[in-house]
Amino acid sequence: MKRKVNLSEITTKEPMKIDTEIQSSIVELPPEEVSKASPFKLHVEITKKPIGYQVKGRVEGEVELTCSRCLKKFTHKIDKEFDYKLMPTSQIGGGQIKSGELDIKFSDENVLDLAEVVQEQVVLELPVKPLCSEECSEVSYTEGEFEEEERKGKEKEIDKRWEKLKELQNKLKGKEK
């Protein structure tokens, strides 16, 4: 199981090809979004260019998410192809980003951490609004139920020090009528 790639070992003549499995425990995924994850299969090919490297590959695995409608846990499959340039930070130009520059990552590191590659690709593949299925219906409250729960919660929150003010408020309301 290879986790780090020394980029200085890659020559312009032959790309480095790696097939490995990255354990989910070393991939830092957002815990508020991902409950669990399977190990991720990674196939990556790194080619040295005159300046920088071309990184192509595919990440496969599964993550457990929570449905944003019904709040049930479900499994989301990850199967993501990627292709980007890895360039030294000296190549960062001033001014606006052009459309062809959106697939460039800048780094001066001589080592590529494959767990970081997996993390980046998995996070990019996570849905903005996770749904267990298109037909999922929201958890529904009747209006009275929700208001009753809300009222009970607020009654518990009332600070005893405000009781005198509440009594005064009730007296004033009685005089207005």
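Determine if the range 119-133 includes at least one residue that is of a type in the set (A, V, I, L, M), out of contact with any helix residue (DSSP H, G or I) (no Cβ under 6 Å at 6 or more places or on another chain) and modelled with pLDDT under 85. Outline the logic, then answer.
Initially, the range 119-133 is screened for residues of a type in the set (A, V, I, L, M), giving 122-124, 126, 128, 131.
Within this subset, residues satisfying the condition of being out of contact with any helix residue (DSSP H, G or I) (no Cβ under 6 Å at 6 or more places or on another chain) are 122-124, 126, 128, 131.
From what is left, the residues that are modelled with pLDDT under 85 are none.
No, there is no match, as no residue in the range 119-133 is of a type in the set (A, V, I, L, M), out of contact with any helix residue (DSSP H, G or I) (no Cβ under 6 Å at 6 or more places or on another chain) and modelled with pLDDT under 85.
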Next item on the list: Answer yes if at least one residue in the range 10-25 is under 21 Å from the mean Cα position of the chain (by Cα), in a loop (DSSP other than H, G, I, E, B) and in contact (Cβ under 8 Å) with a residue 12 or more places away in the chain, and no otherwise.
Entry: yes
Next item on the list: Scan the range 34-72 residue by residue and report those that are assigned to a loop (DSSP other than H, G, I, E, B) and either under 21 Å from the mean Cα position of the chain (by Cα) or buried (at least 17 other Cβ atoms within 10 Å of the Cβ) (or both).
Entry: VAL34, SER35, SER38, PRO39, GLY52, CYS67, SER68, ARG69, CYS70, LEU71, LYS72
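The values are calculated or read from the model by the stated rules, or taken from the named source; none is laboratory data. Keep in mind the model is a prediction, meaning the values are calculated, not measured. No Cβ is skipped: glycine too gets one built from the backbone with ideal geometry, and neighbour counts run over all protein chains shown.
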